[in-house]
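The values are calculated or read from the model by the stated rules, or taken from the named source; none is laboratory data. Just so you know, these numbers come straight off a predicted model, no measurement behind them. Heads up, the Cβs are rebuilt from the backbone with ideal geometry, glycines too, and the neighbour counts pull from every protein chain shown. When the accessible area is computed, the model is the full protein with side chains, heavy atoms only, and any ligands, DNA or RNA have been set aside. Shrake-Rupley method; radii C 1.70, N 1.55, O 1.52, S 1.80 Å.
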Amino acid sequence: MLSHALDGLTVIDFTQIAAGPISTMLMADMGARVIKVEPPGGELGRSLGPGWIGDDSALFHAFNRNKDGVALDLKSPEGVAVARRLIAQADIVVESMRPGVMDRLGLGYAQLAADHPALIYCSISAYGQTGPYADRAGVDGILQADSGLMSLIGTEDSEPCKVQSPVVDVMTGYVAVMGILAKLAQRQRNGQGGHLDVNLLNAALALQQSSLTSYLSDRELPVRAGSAAPYSAPNQAFRTADGWIMVAAYMPDRWRRLCETLGLPEMIDDPRFATSPLRVANRAAMVEALTRVFVTRTTAQWLPVLGAADILCARVATYADVIDHPQVAANGMIAAVPHPTLGMIRMPGFPVCSAEVNAQAARAAPGCGQDTVAVLESLGFGQEEIAALSGRGAIHCAPATITAN
């Protein structure tokens with residue numbers, strides 16, 4: 001089962017908010033033991049609301065299931081020493097500090113690799129570990145802007161828009177996992193780990209593979225066209241009597257069938273609309289003609305009519321629609337994750353073999369320091385030593401988990 005694909009691997013997670021936690025959560029979903037290291041007050045992602053589940057943000061719960069939670073003060077030499085002991089028995093480290101911070105703490109790749117050559121160490125940053133922007137911080141929205149992605153979103157007369165879901169963070173998390181899995185395959189052959197440089201800028205550019213390739217070929221800046229695809233038409237949302245319907249009928253046969261279905265046979269041979277490139281060039285006239293018909297029926301009425309003609313279409317769904325989508329249910333894509341005090345927490349799950357993997361989702365995101373005692377005991381720390389570290393502030397343990405004589 002894919003949910004056990006990474007059984008036996010240990011990942012130490014020094015990340016926060018989104019991109020890094022996504023990457024480590026995906027590995028946890030595949031069976032790796034992920035130990036999330038937070039500062040004693042918890043990572044920043046816990047406080048990013050609105051959108052709350054219990055005392056923590058929905059964002060934190062969304063990206064941290066199936067992990068053990070340890071709280072260390074990495075500003076304390078003793079906290080760093082505990083971190084080094086964690087890393088010594090690990091296969092993978094993922095960190096999202098600003099470049100140079102882990103080195104200053106004594107936890108950088110070069111400082112660890114000499115004694116741990118098999119360690120796979122993934123650094124996630126805004127712009128990369130080297131180069132003129134390496135020292136700059138950045139988050140999803142900043143990179144949506146700086147990568148050009150924001151220039152694609154919205155309409156010609158709208159203010160700059162961003163994708164409201166943190167797509168750059170999510171993409172970066174998946175890129176990190178791809179790199180780590182490649183390194184694991186390489187390590188099986190030569191026994192060596194290595195350092196991976198994963199950053200939001202590169203991930204954001206990868207999201208724009210087609211549009212950037214188009215610009216590099218003709219130097220024509222893309223026009224913000226709302227829901228419309230810049231390279232084909234019709235391939236956009238149309239207003240209906242009660243909402244919107246997305247239609248993709250740019251293929252020659254589907255364009256003909258769409259015109260016939262809408263009772264507009266004269267558009268088939270109209271020279272303005274004879275090919276997809278011509279329809280892109282004359283998009284405004286095409287949209288006006290098609291919309292006059294689409295607004296005569298509701299979205300629910302149009303869907304079976306267009307479907308019967310094999311025209312690609314979908315309602316422009318709200319989240320209320322999505323969670324009741326029959327195919328989402330059939331795919332098992334909504335995971336129900338048990339929490340010890342909050343009951344079952346529902347969230348999007350692991351997207352590959354989702355019904356199989358999400359059925360195994362074992363634990364909700366950990367409380368801050370929830371597993372500090374258990375993890376330290378597994379490293380050989382005694383109860384008195386743990387209590388002393390806690391008393392000096394080097395570690396944080398969830399209430400009622402410390403025993404001292």
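Just a few scattered comments:
- Pairs are defined by a Cβ separation below 6 Å, a sequence spacing of at least 6 or placement on different chains, a first member in the stretch 179-194 that is closer than 15 Å to S123 by Cβ, and a second member that is assigned to a loop (DSSP other than H, G, I, E, B) and at pLDDT 95 or above; the pairs so defined are G193/A118; G193/L119.
- Take the conditions (1) small (G, A, S); (2) within 30 Å of A137 (Cα to Cα); (3) open to solvent by 60 Å² or more (accessible area, probe 1.4 Å); A176 misses just one of them, which is (3).
- Check on T318, within 33 Å of the chain's Cα centre (by Cα), open to solvent by 20 Å² or more (accessible area, probe 1.4 Å) and of a type in the set (S, T, N, Q): yes
- Restricting attention to the stretch 69-92, the residues that are among the acidic types (D, E) and closer than 17 Å to S390 by Cβ add up to 2.
- Residue list for the stretch 92-122, restricted to those being surrounded by fewer than 21 Cβ atoms within 10 Å (Cβ to Cβ) and of a type in the set (D, E, K, R): R98, D103, R104, D115
- Among residues of the stretch 10-47 being farther than 16 Å from V177 by Cβ and assigned to a loop (DSSP other than H, G, I, E, B), the one that is nearest to the chain's Cα centre (by Cα) is I17.
Condition check ((1) under 16 Å from the mean Cα position of the chain (by Cα); (2) within 17 Å of D29 (Cβ to Cβ); (3) at pLDDT 95 or above) across all residues:
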position	(1), (2), (3)
I334	yes, yes, no
F350	yes, yes, no
N358	no, yes, no
T372	no, no, yes
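- The set of residues from the stretch 206-232 being within 25 Å of the chain's Cα centre (by Cα), within 26 Å of G243 (Cβ to Cβ) and exposed (fewer than 15 other Cβ atoms within 10 Å of the Cβ) comprises G226, S227.
- Within the stretch 255-298, the set of residues being of a type in the set (K, R) and open to solvent by 50 Å² or more (accessible area, probe 1.4 Å) comprises R256, R257, R272, R292, R297.
- The set of residues from the stretch 179-199 being surrounded by 14 or more Cβ atoms within 10 Å (Cβ to Cβ) and farther than 23 Å from V167 by Cα comprises K183, L184, Q186, R187, G193, G194, H195.
Condition check ((1) open to solvent by less than 70 Å² (accessible area, probe 1.4 Å); (2) of a type in the set (V, I, T)) across all residues:
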position: V322; (1), (2): yes, yes
position: H325; (1), (2): no, no
position: G332; (1), (2): yes, no
position: A355; (1), (2): yes, no
position: G369; (1), (2): yes, no
position: A374; (1), (2): yes, no
position: S378; (1), (2): no, no
position: R392; (1), (2): no, no
position: A398; (1), (2): yes, no
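- Counting only residues that are over 16 Å from T15 (Cα atoms) and of a type in the set (K, R), the stretch 85-108 holds 2 of them.
- For beta carbons closer than 9 Å, sequence separation of 6+ or different chains, a first residue in the stretch 76-88 that is under 18 Å from Y121 (Cα atoms) and a second that is open to solvent by 20 Å² or more (accessible area, probe 1.4 Å) and aliphatic (A, V, I, L, M), the qualifying pairs are V80/L74; V80/L105; V82/L379; A83/L74; A83/L105; R85/L379; L86/L379; A88/L379.
- Checking T213, T240 one by one, the residue that is in contact with a Phe, Trp or Tyr (Cβ under 8 Å, 6 or more places away or on another chain), farther than 19 Å from R272 by Cα and not hydrophobic (A, V, I, L, M, F, W, C) is T240 and no other.
- Test: K162 is closer than 18 Å to L9 by Cα and surrounded by 14 or more Cβ atoms within 10 Å (Cβ to Cβ): no
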